[in-house]
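Colleague: Structure provided below as structure tokens; questions to follow.
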Amino acid sequence: MISFILRRLAQFLVTLLVASFLLFAVTEFSPGNVASKILGPYAVQSQVDLLYDKLDLGAPLLERYGQWLGTLLGLSENRLGDPAIGLGLDDPRGVRYFGNLGYSLMLKEPVVDVLAQRIGHTVALAGWAIGFIVPISLVLGVMSGINAGRPLDRGISGVTVALTSLPEFVTAVVLLLLFSAVLGWLPGTSTLTQGDRWSGASQMVLPVSVLVIASASYVTRIVRASVADTLKRPFVRTARLKGLAPQRVILQHVLRNALIAPLTVILLQVNWILTGVVVVEAIFAYPGIGSLLLKAALFGDIYVVQALTLLALAVAVGTQFVGDVAYMLLDPKIRLR
Amino acid sequence: MPRLKQHPYIPTLIQQFADKQVGRRDFLRTATLLGMSAASAYGLVGRFDGLAGPVRAQEAKPKGGTLRLSTTVYDVKSPATASTTAHPLIYAQVVEHLTRTGADNVTRPHLLQSWSASADLKTWDLKIRPGIKWHSGRPFGADDVIWNLTRLLSDDAGSSMLGLMKGYMLNEVDTGQVDESGEKIIRHELWDTNAIEKVDDLTVRLKLKAPQLAVPEHLFHYPAVMLDPAEGGVFGPGANGTGAYTMTEIEVSRRAVLEAVPDYWGEGPYLDRIEFIDVGGNEQAIVNALASKQVDGAFQILPDFFPVLQRAEHLAYYEVTTADTSVTRMNVTHKPFDDPRVRLAFRLAIDPAKASAVTHGPFSTPAEHHHVSPIHPEYAKLAPWRRDPARAKALLAEAGYPDGVDVELTIQQNPPHHLRHATALAAMWKEAGIRAAIKVVPNAQYWNVWLTAPLGATVWAHRPLGVINLALAYRTGVPWNESSYTNPTFDRLLDEAESMPDPNVRREKMAEIEQLMQDDGPIVQTYWTKLFTFYDKRVVGFGMHPTYSVFCHELAIRQA
Amino acid sequence: MAELGLSGPQGLALGRLPLLGAVLRSRAATLGFAIVAAWAVVAALAPWLAPYDPTIIDFAAAADPTPSAQHLLGTDSVGRDLLSRIIWGARTTYAVVPLSIGSAFLLGISAGMLAGYYGGWLDHLVSRLGDVMLAFPALVLYIILITAVGPSMLNIVIAVTLAYAPGVSRLARSQVLALRHQDYVKAAEARGEPPLYIMVMEILPNARGPLIVDLCLRAGYTVILIGTLGFLGLGLPPPTPDWGGMVVEGAPLLPVYWHMAVLPCLAITSVVIGCNLMADGLRETQA
């Protein structure tokens, strides 16, 4: 058991390392591009060339990656903060510390600070969304699955198929039109700034709803499929033949077996929400990392994009790891390599 | 030199106005630029045509309260390099301009008490309003003005003021060095060591290399705010200023907070606090925030959203006619735009009225491809523009493109009307054999290429005089010359126009310039926009300004 | 959109059954197939079906964009015929989706089958690389590409390929593992057929059931992804008619001229529903 977890942990780190290299390679593949992005639109070629030399961008990709990783781990300095380069970038923590993600070129602040201001908002949004997604989809999925083929199942399945086919931006636009523009029950944006006449809670309703609608309908279908599938398995028939009450059969045997597969899917929803928040935060002007990612990409703020992608990678790989471990704990029959 | 009193041209100007040779608007603008106070100018106008000055609704302004405005919250550490009209919305409440151009396009003294110009328009005395103090308590004086102007005109500050004033304040110096691409490195210095001179503690004298009428309006260009020299040109929370507010917080691209300071030298302030809220690049979100009363006003609203907001009962509509526009400029260093016949063909294929209607509907008026607006005092009316795709085609053939040309038109993603405009242009160009692919880029990326792209649509803000835009954008070698346009005749005509106080004579010169722009110039220009916005009806004292200026110390809010 | 958990190595019942037959055995799949096929016909015949050139502006109609005799579905805010733009928009969708899904499946199936058939270090390598790539969501992958090289159609294809190939590869691998000890595979090996022949001619046809289900689902997600990119302003360069872009252009006027945003929304949603119904129906027939 311990060795399994350790082996998985090692894999987790290797995966993260390779992924971070790919990320670095894509974003910093063209060194001239990096220099001109750092200097912004009004730079002239001579300034770009100068920075290119100062940052040693001509070095081989692997060497630059080593440097980048070193900076991130606090082993080497971030040269961008060097006053001699004259970018006016300054980090109160100094140029060398663990978790140094560089500077936001857009906001002229250390990326760590930028993330610190926003990540809480996104965690709150995602947290509330997951908090609703899991119970809603379990209840609807199980109800639908045990009634497979009956009208209730048809109804739930029909609605969920339709909802999974709706892009989030469509859901968002429709909900805004209805609840904000027409009825006036909810605010049209969710900037969560002090002094807003709408409470923070009311500002959360629509963004959370959009995420829940998109994700819960999908998870419901998975749960339904798994429950319906399990009900056809021989051991359920055996239990029924033994005369166990249908309720007990469902609770004790079916659910235990049927919910193992959806568990991974639910964990994957955590990853999915990281994508989902990009759309939702942009539409509702929500001050989280999703809207930041979009803005940073449009601006060409490579260090913020790198940091946020790194975060998404860590979450994705982390959920894979948690999923594997949980899977094994829940189902002793499964012995992964 | 004797003390400058009334400008010698003013009596002539009054006579011309009395004889109806000069219109009311020209009179007001020219007279105030020459140093007559706005009040007396309006007074004179009232005597002649029975109209009073701008009617100010004398509504009592309640004190207290917080105003929340939706705008992009940019990094405003360096006002000298501010590049949009949204930058000064935040800093100009704290650090102020010497002059102010109002919504009526009349420029009035602000930190100045008055100015006066010599007969040849080459010596300008700027009198500072006495009794103004910095927030720190130190009196505001000539040394502060000199430090700021000198800095704004230095290469190191990187300010667009340099391009604006270069023609009459600076000399080019060849450093003898070349940069990597072999271009000469040119630096600038004041044309005369006494070009900016201290007369006394409250008077600064500018000596100009060439005559210039628009000096007071240039002093309201958005980077030209007076910073405390002790702070070295850096703006931030708690920065010293002369304004009615101080900035207490800023989180770039999210929010900025201003708080009132006591003892402001001018009107107000009435509001205790102003919060600028950035809802991201999403225009729809601005509308949603206004509709849900999450903000009390917006920097600007796009025509797309007018039908929606018009229905909101708690909002008031404000509009102003401006010389705000977007020019589809052709960079003459790229083929095929090096050939003036091609540039003319690109204009001939276009009917500005159609493009204007598609782009903004009733919120714009057609332009004439020369970047001088009918609301500019020196505007000269040319013969009506006639679209002629057949001639455009012939011109292309003559220039060596018998099969037409393929071009890529780069536009900004936001606001969406850029795409509507580009689509309309492409549709009309098609008839003349111009095949344009539209390339939409995120706004920030557009500013990477705006000076170099072969064909791109760039937004140009309203400026109160036509010559200001022409000088910023088309004079040889100025930093914002995005089309790399070089034409000695144009430069000469512009120099001459800038030195003529008589609007009628100046208009003749402008007719030549406008004609030259139509025949040879680097732009296709189809519309002038009206700017408008919506504010909550509780807000008192707001008026839409043609350069989006909001003078927050004049605003108040009624409690609901 | 969401990653998949649906398609495991469930039934093999689809077997060599002709695809159309399998589709017709399920009412849901038939309906889904009809929707998807109808749009395919529209896309193929766009130049003949569309009443107008989708980029031509009707300057008169721009003033009143509501549906009329000239413009059956009205025009967009610029005065371009909405029906023609939706028809040509189908072409955009039906070009980008098959291209990106096709390359994702080509890459995924090749990698997965090779890994499953040969096992060993190759299997390890493919699985680990897959893990790495699975960590990048498609939208994020595309955003990285934009930051590096800017938006383009090719980048959408690359992003979708890289994001979806690992999932496909896992599925293909599990199918190969399940099938490679079947008698007919052993027989072919005994005949001395080369591995490539065995994989393509023996295993793949029998593994295709779950792969097709997966393909339908992923095609639906890709339609949504492309719509979303268009909506976020990261999509295909205009004036290419693009459904997502049409929604974002029409959204401001929603309370006044609802048709401009709602009709392209319906187009997107119908294709996605079609894909999902096909996937659901085909899965049922396999179960």
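Only the coordinates and a few stated rules stand behind these numbers; no lab work does. Owing to the predicted nature of the structure, the values given are computational and were not obtained by experimental measurement. Glycine also receives a Cβ, built like all others from the backbone with ideal geometry; neighbour counts cover every protein chain displayed.
Colleague: Return the sequence-ordered ³J(HN,Hα) values of the stretch C:88-95 in whole Hz as given by the Karplus equation 6.51 cos²θ - 1.76 cosθ + 1.60 applied to θ = phi - 60°, using x for Gly and Pro.
Modeller: 3J(HN,Hα) across the stretch C:88-95, in whole Hz: 5, x, 4, 4, 4, 4, 6, 8.
Colleague: On to the next question. Kirkwood-based Rg over Rh for the stretch B:115-243 (C-alpha set), two decimals?
Modeller: Across the stretch B:115-243, the Cα-based Rg/Rh ratio is 1.00.
Colleague: While we're here: Just grab the label-to-label distance for residue C:266 and residue B:476, each label 7 Å out from Cα along the Cβ direction, in nm (one decimal).
Modeller: Inter-label distance under the simple model: 6.2 nm.
Colleague: When you have a sec, figure out the Kirkwood radius of the stretch A:160-226 from all distinct Cα pair distances and drop it here in Å to one decimal?
Modeller: Hydrodynamic radius (Kirkwood, Cα pairs) of the stretch A:160-226 is 13.0 Å.
Colleague: For residue A:116, what charge total do you get from the other residues with a beta carbon under 12 Å from its beta carbon, if Lys and Arg give +1 and Asp and Glu give -1?
Modeller: Taking every other residue near residue A:116 into account, the sum is -1.
Colleague: Same structure again: Calculated from DSSP H runs of 4 or more alone, at -39500 (n - 2.57) each and per residue, what is the 222 nm mean residue ellipticity of chain B, nearest 500?
Modeller: Result for chain B: -8500 deg cm²/dmol, rounded to the nearest 500.
Colleague: From zero up to wherever the largest Cα-Cα distance of the stretch A:143-187 sits, split into 5 Å bins and tell me the percent of pairs in each.
Modeller: Spelled out bin by bin, the stretch A:143-187 gives 5, 21, 15, 14, 13, 14, 11, 5, 0 percent.
Colleague: Mind checking the mean number of beta-carbon atoms from other chains within 10 Å of the Cβ atoms in B:499-509?
Modeller: Per residue, the average neighbour count from other chains is 0.
Colleague: Please give the per residue volume of the convex hull enclosing the alpha carbon atoms of the stretch B:67-136, rounded to a whole number of Å³.
Modeller: Measuring per residue, one finds 161 Å³ for the Cα hull of the stretch B:67-136.
Colleague: Can you compute the helix-only [θ] at 222 nm over chain A? Use -39500 (n - 2.57) per DSSP H run of at least 4 residues, normalise by all residues, nearest 500 deg cm²/dmol.
Modeller: My calculation for chain A gives -22500 deg cm²/dmol from helical runs alone.
Colleague: Can you give me the pair-distance distribution of chain C, C-alpha pairs, 10 Å bins, whole percents?
Modeller: With a bin width of 10 Å, the distribution comes to 7, 25, 29, 22, 11, 5, 1, 0.
Colleague: Still on this structure: Percentage of Cα-Cα pair distances in the stretch C:178-287 greater than 22 Å, rounded to whole percent?
Modeller: I get 54 percent for the Cα pairs in the stretch C:178-287 exceeding 22 Å.
Colleague: Applying a 10 Å radius around every beta-carbon, put B:522-535, B:100-113, B:142-155, B:393-406 in order of their mean neighbour count, most first.
Modeller: So the order, starting with the most tightly packed, is B:522-535, B:100-113, B:142-155, B:393-406.
Colleague: Would you mind estimating how fast chain A diffuses translationally, via Stokes-Einstein at 4 °C and 1.567 mPa s with the Kirkwood radius over Cα pairs, in µm²/s?
Modeller: Using the Kirkwood radius from Cα pairs, D works out to 56 µm²/s.
Colleague: Further question: Counting only Cα, what are the radius of gyration and maximum Cα-Cα distance Dmax of the stretch C:81-199, in Å?
Modeller: Rg and Dmax of the stretch C:81-199, Cα atoms, are 18.4, 63 Å.
Colleague: Okay, moving on. Residues with amide H under 5 Å of residue B:527's amide H, sequence separation 5 or more or different chain, H placed in the peptide plane at 1.01 Å from N; which?
Modeller: Counting only residues 5 or more places away or on other chains, the set is B:326, B:367.
Colleague: Please report, to one decimal in angstroms, the Kirkwood hydrodynamic radius of the stretch A:265-337 built from all distinct Cα-Cα pairs.
Modeller: Over the stretch A:265-337, the inverse of the mean reciprocal pair distance is 13.8 Å.
Colleague: Then there's this: I need to check one value: relative contact order of chain B, counting alpha carbon pairs closer than 8 Å and at least 6 residues apart, in percent.
Modeller: 19
Colleague: Let me confirm one metric for peptide A:183-194, namely the mean number of other chain beta-carbon atoms within 10 Å of its residues' beta-carbons.
Modeller: For this peptide, the per-residue mean of nearby foreign Cβ atoms is 6.
Colleague: What are the semi-axes of the equivalent ellipsoid for the stretch C:124-174, taken as the square roots of 5 times the Cα gyration tensor eigenvalues, largest first, in whole Å?
Modeller: Value: 23, 10, 7 Å, ordered largest first.
Colleague: Report D for the stretch C:65-131 in µm² per second (integer): Stokes-Einstein, Kirkwood Rh on Cα pairs, 37 °C, 0.692 mPa s.
Modeller: D, rounded to a whole number, is 214 µm²/s.
Colleague: With a 10 Å Cβ neighbour count serving as the proxy for reagent exposure, in which order, fewest first, do B:36, A:328 appear?
Modeller: Listing B:36, A:328 from fewest to most nearby Cβ atoms yields A:328, B:36.
Colleague: Report, by chain and number, residues whose modeled amide H sits under 5 Å from the one on residue B:199, excluding near sequence neighbours (fewer than 5 apart, same chain).
Modeller: Here the answer is B:204, B:205, since their amide H atoms fall under 5 Å of that of residue B:199.
Colleague: Sort the following peptides by mean Cβ neighbour count (other Cβ atoms within 10 Å, averaged over residues), highest first: B:433-442, A:208-217.
Modeller: Put in order of decreasing packing, that is A:208-217, B:433-442.
Colleague: With a/c under 1.5 counting as rounded, go ahead and sort the stretch B:256-360 into rounded, prolate or oblate using the C-alpha gyration tensor (a ≥ b ≥ c being the square roots of the eigenvalues; past the cut-off, prolate if a/b is larger than b/c, else oblate).
Modeller: Prolate, since a/c reaches 1.5 and a/b exceeds b/c.
Colleague: Quick one: plug the Kirkwood hydrodynamic radius of the stretch A:58-150 (C-alpha pairs) into Stokes-Einstein at 4 °C, 1.567 mPa s, and report D in µm²/s.
Modeller: Translational diffusion coefficient: 77 µm²/s.
Colleague: Okay, moving on. For A:114, B:252, B:199, A:265, what ranking results if the residue with the fewest other Cβ atoms within 10 Å of its Cβ goes first?
Modeller: So the residues, fewest neighbours to most, are B:199, B:252, A:265, A:114.
Colleague: Over the stretch A:175-270, with a single point scatterer placed on each C-alpha, what log10 of the ratio I(q)/I(0) does the Debye formula yield at q = 0.22 1/Å?
Modeller: Values, matching the q order: -1.02.
Colleague: Then there is this: Would you calculate, for chain C, the mean residue ellipticity at 222 nm contributed by helices, counting each DSSP H stretch of 4 or more residues as -39,500 (n - 2.57) and dividing by all residues, to the nearest 500?
Modeller: Value at 222 nm, helices only, nearest 500: -22500 deg cm²/dmol.
Colleague: Could you tell me how many degrees, from 0 to 90 and to the nearest 10, lie between the Cα long axis of helix C:27-44 and the main elongation axis, the longest principal axis, of the Cα atoms of chain C?
Modeller: With both axes taken from Cα atoms, the answer is about 60 degrees.
Colleague: Taking the Cα centre of the stretch C:166-211 as origin and charging only Cβ (+1 Lys, Arg; -1 Asp, Glu), how large is the dipole, in debye to the nearest 20?
Modeller: 180
Colleague: Over the whole of C:220-227, what's the average partner chain Cβ count within 10 Å per residue? Rounded to a whole number, please.
Modeller: 3
Colleague: How about the stretch A:143-195: which chymotrypsin sites (Phe, Trp or Tyr not before Pro) there lie in a loop by DSSP and see at most 15 other Cβ atoms within 10 Å?
Modeller: Those that pass, being in a loop and sparsely packed, are A:185.
Colleague: Here's something else I'd like to know. What number do you get for chain B when its Cα radius of gyration is normalised by 2.2 N^0.38 Å, N = residues?
Modeller: Against the empirical 2.2 N^0.38 Å value, I get 0.97 for chain B.
Colleague: If you don't mind, there's one more thing I want to ask. Could you tell me which helices of chain B pass both thresholds, a Cα extent of 20 Å or more along their own axis and a mean Kyte-Doolittle hydropathy of at least -0.5, with helices taken as whole DSSP H runs?
Modeller: B:417-431
Colleague: Between residue A:233 and residue C:106, what is the label-point separation in nm under the 7 Å Cα-to-beta-carbon projection?
Modeller: The modelled label-to-label distance comes out at 4.0 nm.
Colleague: For the ranges B:407-420, A:282-295, what's the packing order if you count other beta-carbon atoms within 10 Å of each residue, average per peptide, and put the highest first?
Modeller: Per-residue Cβ counts within 10 Å, averaged per peptide and sorted highest first, yield A:282-295, B:407-420.
Colleague: I need the phi-derived Karplus couplings for the stretch C:218-223: 6.51 cos²θ - 1.76 cosθ + 1.60, θ = phi - 60°, integer Hz, Gly and Pro marked x.
Modeller: Going residue by residue, I get 5, 4, x, 4, 5, 4 Hz, with x marking Gly and Pro.
Colleague: Sequence-distant or interchain residues sharing an amide H contact under 5 Å with residue B:69, placed H: which?
Modeller: B:275, B:276, B:277, B:296
Colleague: Please list, in order along the stretch C:261-268, the HN-Hα scalar couplings obtained from phi with the Karplus expression 6.51 cos²θ - 1.76 cosθ + 1.60 (θ = phi - 60°), rounded to whole Hz, x for Gly and Pro.
Modeller: These are the phi-based 3J(HN,Hα) values: 9, 6, 5, x, 4, 4, 4, 4 Hz.
Colleague: Right, another one. Work out the length of the dipole vector of the protein assembly as shown about its Cα centre, built from +1 on the beta-carbon of each Lys and Arg and -1 on the beta-carbon of each Asp and Glu, and round it to the nearest 20 debye.
Modeller: Magnitude of the dipole: close to 4100 debye.
Colleague: Further question: Give the dimensionless ratio obtained when the Cα radius of gyration of the stretch C:156-210 is divided by 2.2 N^0.38 Å.
Modeller: It is 1.35.
Colleague: Which of the DSSP-defined H helices in chain A satisfy a minimum axial length of 27 Å, computed from C-alpha atoms, and a minimum mean Kyte-Doolittle hydropathy of 0.0?
Modeller: A:2-27, A:111-146, A:200-231, A:260-284, A:302-330
Colleague: Which value in Å is the Kirkwood Rh of the protein assembly as shown over different Cα pairs?
Modeller: Taking the inverse mean of 1/r over all distinct Cα pairs, the protein assembly as shown comes out at 32.9 Å.
Colleague: Follow-up question, since we're still on this one. Largest first and in whole Å, give the semi-axes of the stretch B:415-560's equivalent ellipsoid, each being the square root of 5 times a Cα gyration tensor eigenvalue.
Modeller: Calculated on Cα positions only, the semi-axes equal 32, 25, 15 Å.
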